[in-house]
Amino acid sequence: MNIDPKTGGFKSLGEFLVKVRKAYLGEGTPDSRLVLGKTAGHMEEATDSQGGALVPEQWAKEIYHAAIENSIVRSRVAKGAIFKPKGDSITVRRLIDADRSSNIFGGITFKWTEERGNKFDAISKPAVGAVELNVHKLVGSCFVSNELENDHGKYGDFMKLAFGQAIRFIEDDAFINGTGGGMPLGILQAGCRTQVTRNAVGYVNWADISNMAKQLLPRSWESAVWLLNPDVISELFEATSPAANQATALDLSNRTLWGIPFIPTEKCQAMGTEGDIILADFDHGHYLIADKEMRISASRHVNYEHTLLQTTETYGFITDETFWKIVLRTDGQPLLSADIAPKRGANDLGMFIVLKTTS
């Protein structure tokens with residue numbers, strides 16, 4: 001029997017999830033199409049990175065698609081910057097491009113010369129570095145009513161949205177704020193971020209916005225986005241600025257600031273602290289993502305605390321619900337380790353500009 005590896009032989013995400021649920025709850029013999037990391041049974045038997053059923057590519061994409069819709073980072077990362085490592089890590093080569101005042105793109109030099117002039121003195125060896133992406137485990141869980149199982153389509157749609165929306169939020173938060181320790185390295189913790197000192201403690205004004213914009217890489221003007229803590233909106237609206245400029249700089253109806261889209265998000269830091277406003281370009285390979293795999297499992301036997309229940313082994317039976325766990329193995333971090341000294345100009349340029357506190 002030939003099984004399509006992309007779908008695992010399942011007609012829908014809902015059908016796949018029903019088979020996973022039955023396998024892990026011991027309802028009959030596990031479907032032979034499932035790729036189980038461990039013997040189906042209690043959730044506790046599937047706690048490592050290989051636990052759970054491997055989600056076929058097609059159905060993993062559906063969950064990721066729900067995550068991508070309205071996501072900040074993943075939806076803007078270039079397709080060529082999302083990698084599928086075979087092991088637990090992957091090394092991505094990069095040119096060390098921190099200073100363009102004397103050379104460009106990692107030490108590549110050019111020289112205008114005569115037709116028969118000496119061409120060999122222009123030879124250089126580009127500086128090459130590497131970024132290592134190490135997949136980290138992200139675990140999500142929830143209770144789902146068993147009644148949904150009767151309709152494969154609704155069952156799949158609900159789970160896709162439930163996990164997809166959660167993945168969207170948690171991933172974005174990590175790609176922006178992550179420390180890099182056991183999780184992705186976010187742009188606010190990266191060495192390549194360009195910090196702009198704000199003019200007034202606890203506030204954002206038009207001079208801050210101007211100072212941030214002038215340090216954005218020129219090619220990033222077409223793909224960058226402003227990220228704003230929601231509390232910043234009123235500051236921008238009330239901030240003083242030359243009237244002729246303010247009328248065109250901030251367009252609240254189209255959500256643009258200086259022609260660049262802005263997104264209010266609680267993933268930015270609190271108003272008045274570093275990261276309350278960010279100007280970021282995740283495109284052009286500036287941010288890298290590694291996706292190893294997605295696994296999912298189900299159980300009724302979970303450590304659920306309830307004041308009215310004396311045992312944690314019966315909650316699913318009482319409420320006719322199943323406890324689901326999804327495991328992602330992923331990583332993310334910026335490609336460059338520093339911002340860039342331009343060919344000409346007084347200010348370093350970057351792809352991740354953040355407003356920090358006053359000096």
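The values are calculated or read from the model by the stated rules, or taken from the named source; none is laboratory data. Treat the numbers as computed from the prediction; the structure is a model and nothing was measured. We place every Cβ from the backbone using ideal geometry, glycine too, and count neighbours over all the protein chains shown.
Kindly indicate the residue of the range 328-353 that is within 30 Å of G164 (Cβ to Cβ) and of a type in the set (V, I, T) and also surrounded by the most Cβ atoms within 10 Å (Cβ to Cβ) among those meeting that condition.
I353
Out of everything in the range 125-150 that is farther than 30 Å from G178 by Cα, surrounded by 13 or more Cβ atoms within 10 Å (Cβ to Cβ) and of a type outside the set (A, V, I, L, M, F, W, C), what residue ends up being modelled with the highest pLDDT?
Among those that are farther than 30 Å from G178 by Cα, surrounded by 13 or more Cβ atoms within 10 Å (Cβ to Cβ) and of a type outside the set (A, V, I, L, M, F, W, C), it is N146.
Tell me which of these K267 doesn't satisfy, since it passes every other one: (1) of a type outside the set (V, I, T); (2) at pLDDT below 90; (3) assigned to a loop (DSSP other than H, G, I, E, B).
(2)
Taking the range 189-205, which residues are surrounded by 13 or more Cβ atoms within 10 Å (Cβ to Cβ) and at pLDDT 85 or above?
Q189, A190, C192, R193, T194, Q195, V196, R198, N199
Out of all the residues in the range 175-188, which are surrounded by 21 or more Cβ atoms within 10 Å (Cβ to Cβ) and either among the β-branched types (V, I, T) or modelled with pLDDT under 95 (or both)?
I176, I187
Being among the polar types (S, T, N, Q) and part of a helix (DSSP H, G or I) is the filter here, so list the residues in the range 197-225 that pass it.
Residues satisfying the conditions are S210, N211, S220.
Has the range 177-196 got at least one residue that is farther than 17 Å from Q333 by Cα, in the same structural domain as D348 (by TED's automatic domain parsing) and not in a helix (DSSP H, G or I)?
Yes, that holds for at least one residue.
Only one residue in A67, A78 is under 18 Å from D331 (Cα atoms), at pLDDT 90 or above and not charged (D, E, K, R), so which one is that?
After applying the criteria, what remains is A78.
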